[in-house]
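The structure under discussion appears below in the form of structure tokens.
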Amino acid sequence: MSSTYNHQEIEQKWQKYWVDHKIFAAEDKSRKPKYYCLIEFPYPSAEGLHVGHPRSYTALDIIARKRKMEGYNVLYPIGFDAFGLPAENYAIKTGVHPKIKTEENINNFRKQLKSLGLAFDWSREVITSDPEYYKWTQWIFLQLFKHGLAYKAEMPINFCLDCQVGLANEEVVGGQCERCGSEVIKKTKKQWLLKITKYADRLEKDLAGLDYIERVKIQQKNWIGKSEGARVRFKISSPYQGEVSCLPAQAGSDGGVAESIGQPPLTPPWKGGEIKVYTTRPDTLFGATYMVLAPEHELVQQLKDQITNFSEVKDYIKTSAKKSDLERTELNKEKTGVELYGIKAINPVNNQEIPIWLSDYVLASYGTGAIMAVPAHDERDYEFAKKFNLEIIEVIKGGDVSQAAYTDINDGQMVNSDFLNGLNPKEAIVKMTGWLKENNLGEPAVNYKLRDWVFSRQRYWGEPIPLIFCSACKKSMENSKFQIPNSKYNEGELLNPGWVADENLPLELPEIKEFQASGEGESPLAKLENWVNVKCPKCGGSAKRETDTMPQWAGSSWYFLRYADPHNNKALASEKNLKYWTPVDWYNGGMEHTTLHLLYSRFWHKFLYDIGVVPTSEPYQKRTSHGFILGEGGEKMSKSRGNVINPDDVVKEYGADTFRLYEMFMGPFDQAIPWDTKGVVGMRRFLEKIWIRFNGIIEDDIVGGVFAKEPLSDDKNIKELEILLNQTIKKVSDDIENMKFNTAVSALMILLNKYFDLSISDFAKEKIIFEKFSKNFLILFSPFAPHIAEELWQKLGHNKILLKEEWPKADEAKLKDEEVEIVVQINGKVRAKIKLPSDISEEEAIVAAKADLNIQKYLADQKIKKTVFVPGRLISFVI
RNA sequence: GCCGAAGUGGCGGAAUUGGUAGACGCGCACGACUCAAAAUCGUGUAUCGCAAGAUGUGAGAGUUCGAUUCUCUCCUUCGGCACCA
């Protein structure tokens, strides 16, 4: 007679109810406090939803639902990161327009997401490929451009000769094109870059005030890679012409601390007849016995007349340029190099002449592209010096320099170092840095590993970059000492001469039929002459559009702002809404986005803050991360392995509630975990148990009243249940906040089993007790399995839905039992367990312990040396 | 090489201001129901041992009355970075 658990019927019913009654619509005006939950919006791939997506979505769904019941005005939005390569590749193969395919995929995703009963506010959905959306992506880009944070520079990019197309790093697998398998070469191309390096310092410093999980903070910190040291100038001398620092030496004129950060390789900072180096170890300066320049270093070309072996040098430059990244790292054991004959450098601390070498173990893109080599105290320099028989001078005592470089900065004593002798390395760094500054030979400097963000793609399916190149304007700019207007980043440089902003936004993607890249790896847009050739918005002359598009990261760098006001056509969002909703209170996403999306969007947000568009300097207050879901057997899920689990199948067969519950129960949220269909079945059993037990009571009650008419008197069990109930309220509440969903579910299982075990003995069938139990249980359970919880709640006769009930608070007074089991140990081994009142005194407890028969056996004829008492836990005798 | 996370039953895992190791789920075994099977329900389930008991959280040491938890050394797996001066 009891109805079976029909998940399809129940889930459809409640999903419809939630939509019809706009239960999850966030209110822009509310007296309630706001709470903004965010998950990374998906890329709508043709494969559809992966079981990994709902792990993150369900977790924040639980948070969102809990917050709602706690009285918050909750915003939990969803959208689609719809630009991207797969749709474009599909278009190249099939001719189907990416827009069509993307729309199709989005429809599928929407359907899948809705079937999970997630508490999204669908009325705020955003799609990054929608012109009404990317209008503002383009607008932000133009702000960056106008403030001098976007510039065009030559960059080596990955290029597939076969496909004739530029590839992103992720598309290069083992030096080969991911798509066609042919070789990928480096090709130098002009690219748009964004000066994220200008924000390196703030991006690092501001991490301190954020509630991000530690792993994320550490990874971002390492990625930014801040290091402190000194910049030192070495003069160049030539035996033929004496000193060549006749070029205008820039000594002291730049004084800036981080002048060289993140510059692209071909606009180097070095100038004149000296070599600037960056070092974190100025203490070892007396040990510098040679110098090394990166092969790409500009100075090499400048000094070619003085270099007597220039043809040999040229060959070396050629070979190292040919090496792919793969080779350069694979061959990293054996160092190569060539000495520059005809010139020498002068060590500023002792005026010694030292040789200058060229080697690709020095990177052009870091620091100044040149180093002072201290073989005695740097492993790489040591290896190089050994190979080429260069002088090794020990300046820190502490290791054995004949065997290996001594690199410890925390220990040792300076030797052979004149005024530094006797100091430890750290003291020596301070002293040397001061000395360099006094003598105008160097200054403190900061360096970052972070590079500027390569922002252009030679692709179709992305936001067009709304810039126009005009040669007439270029000339007039050059003549009139171009300044970046209204910019606090104005450096007075002639940046991007000839480029003019197209303010007529959105600049929509034109229709095309041929998606294949054109000619020399240009974007397919370059083929559209009608589109490319335009009138210059500034001077009206003939000009050309930029044909590159933006990377996928563009649209996702600010989407969370749009959710605050998704239909605004005057601004990316209104000031009022941004003030109310931002920052995001809790953002969950994948670790793989830590150094890309997460960092990029922090950068954009800080910029928008600086120009007064957003009210906070950080976008996300709290950041957590989920683990991957692997295939059964622990391998990554992939089509080729054939171990992909389709969420649709699971939802259809077992239901969304089972699916959600399983994903939360399967293991620690932040760890990778294999899928296990047996485990899904276990969750389904649990739901059926709940269904049958509750229905049993509901139906019996209708028929003839299972509930006792008179209060029963089984005090002990009632008390026990009450305590367990309060413990569960506390545990589930805390566990959800800490994302320990697996133990929260387990606590709910324990509570359910306890109640129904006890109800066999009838007492629990007192109506008051059942009502108390069922209300709390269903509220606590509802974020995990919302459909079945609402259904049972309604069947119990309630008119108001569970979501509008209040989240319970544990009664602190009822968390502890009056009587507890205390363990008695002898020499650390458990010998007895006794029941005692929880507030028993030490003396009484010891008396009780000694009264235990088993303990007496062990204590017989023994002397007690020590007794330890932990209230409510244990007594330990040491004999 | 560097940075980070993690090693606990047959499996996923639980337990940390140091205090009963193995919660909860899966699997398995036995029993009940059934002509039978499935489902369901009940009981059991770290290892060795008939038992008393002993052993046991990657390995080894240390601190402690007591260590999965703290310290040191080492091993393995996963993730990230990779000549960053």
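Can you list residue pairs whose Cβ atoms sit under 9 Å apart, with the first residue in the range A:1-21 being more than 19 Å from A:D648 (Cβ to Cβ) and the second being among the small types (G, A, S) and surrounded by 12 or more Cβ atoms within 10 Å (Cβ to Cβ)? Count only pairs 6 or more apart in sequence or on different chains.
A:S2/A:G696; A:Y5/A:G655; A:W18/A:G117; A:W18/A:A119
Out of A:S574, A:S617, which single residue is free of Cβ contacts under 8 Å to residues at least 24 places away in the same chain and more than 16 Å from RNA strand B (Cβ to nearest atom)?
A:S574
Residues of the range A:577-591 being buried (at least 20 other Cβ atoms within 10 Å of the Cβ), in a helix (DSSP H, G or I) and under 22 Å from the mean Cα position of the chain (by Cα), which ones?
Within the range A:577-591, just A:W581 meets the criteria.
For the range A:725-831, which helices (runs of 4 or more DSSP H) that fit wholly inside it have 1 or more residues that are away from RNA strand B (no atom under 16 Å from the Cβ) and either in contact (Cβ under 8 Å) with a residue 40 or more places away in the chain or of a type in the set (D, E, K, R) (or both)?
Where helices (runs of 4 or more DSSP H) fall fully within the range A:725-831 and carry at least 1 residues being away from RNA strand B (no atom under 16 Å from the Cβ) and either in contact (Cβ under 8 Å) with a residue 40 or more places away in the chain or of a type in the set (D, E, K, R) (or both), they are A:767-781, A:786-795.
Of everything in the range A:594-607, what is within 16 Å of RNA strand B (Cβ to nearest atom) and touching a helix residue (DSSP H, G or I) at 6+ places or on another chain (Cβ under 9 Å)? Give them in sequence order.
Across the range A:594-607, the qualifying residues are A:T594, A:T595, A:H597, A:L598, A:L599, A:Y600.
Which residues, taken from the range A:105-116, are part of a helix (DSSP H, G or I) and either small (G, A, S) or touching a Phe, Trp or Tyr at 6+ places or on another chain (Cβ under 9 Å) (or both)?
A:N105, A:I106, A:F109, A:R110, A:L113, A:K114
Just to be sure before I move on: is A:I371 touching a strand residue (DSSP E or B) at 6+ places or on another chain (Cβ under 8 Å), of a type in the set (A, V, I, L, M, F, W, C), within 12 Å of RNA strand B (Cβ to nearest atom) and outside any helix (DSSP H, G or I) in the structure I sent?
yes
In the range A:337-366, how many are polar (S, T, N, Q) and within 14 Å of RNA strand B (Cβ to nearest atom)?
2
Out of the residues in the range A:477-511 that are loosely packed, with under 15 Cβ neighbours inside 10 Å and not in a loop (DSSP other than H, G, I, E, B), which is modelled with the lowest pLDDT?
Among them, the one singled out is A:N479.
Of the residues A:F669, A:F628, A:F686, which single one is more than 24 Å from the chain's Cα centre (by Cα) and of a type outside the set (D, E, K, R)?
A:F686 is the lone residue from the list that is more than 24 Å from the chain's Cα centre (by Cα) and of a type outside the set (D, E, K, R).
Given the condition over 51 Å from the mean Cα position of the chain (by Cα), more than 10 Å from RNA strand B (Cβ to nearest atom) and surrounded by 14 or more Cβ atoms within 10 Å (Cβ to Cβ), answer yes or no: does some residue in the range A:853-874 qualify?
Yes, the range A:853-874 contains at least one residue that is over 51 Å from the mean Cα position of the chain (by Cα), more than 10 Å from RNA strand B (Cβ to nearest atom) and surrounded by 14 or more Cβ atoms within 10 Å (Cβ to Cβ).
So which of A:D649, A:D610, A:D670 is within 11 Å of RNA strand B (Cβ to nearest atom) and not β-branched (V, I, T)?
A:D670
For the range A:151-162, state whether one or more residues are within 27 Å of the chain's Cα centre (by Cα), among the hydroxyl-bearing types (S, T, Y), at pLDDT 75 or above and within 16 Å of RNA strand B (Cβ to nearest atom).
No; the residues of the range A:151-162 include none that is within 27 Å of the chain's Cα centre (by Cα), among the hydroxyl-bearing types (S, T, Y), at pLDDT 75 or above and within 16 Å of RNA strand B (Cβ to nearest atom).
Are any residues in the range A:832-852 surrounded by 14 or more Cβ atoms within 10 Å (Cβ to Cβ) and among the hydrophobic types (A, V, I, L, M, F, W, C), and if so, which ones?
The answer is A:A832, A:I834, A:L836, A:I840, A:A845, A:I846, A:A848, A:A849.
Does A:I106 qualify as being buried (at least 19 other Cβ atoms within 10 Å of the Cβ) and at pLDDT 95 or above?
no
The values are calculated or read from the model by the stated rules, or taken from the named source; none is laboratory data. Model, not experiment: these values are computed from the prediction. All Cβ positions, glycine included, derive from the backbone under ideal geometry; neighbour counts span all protein chains shown.
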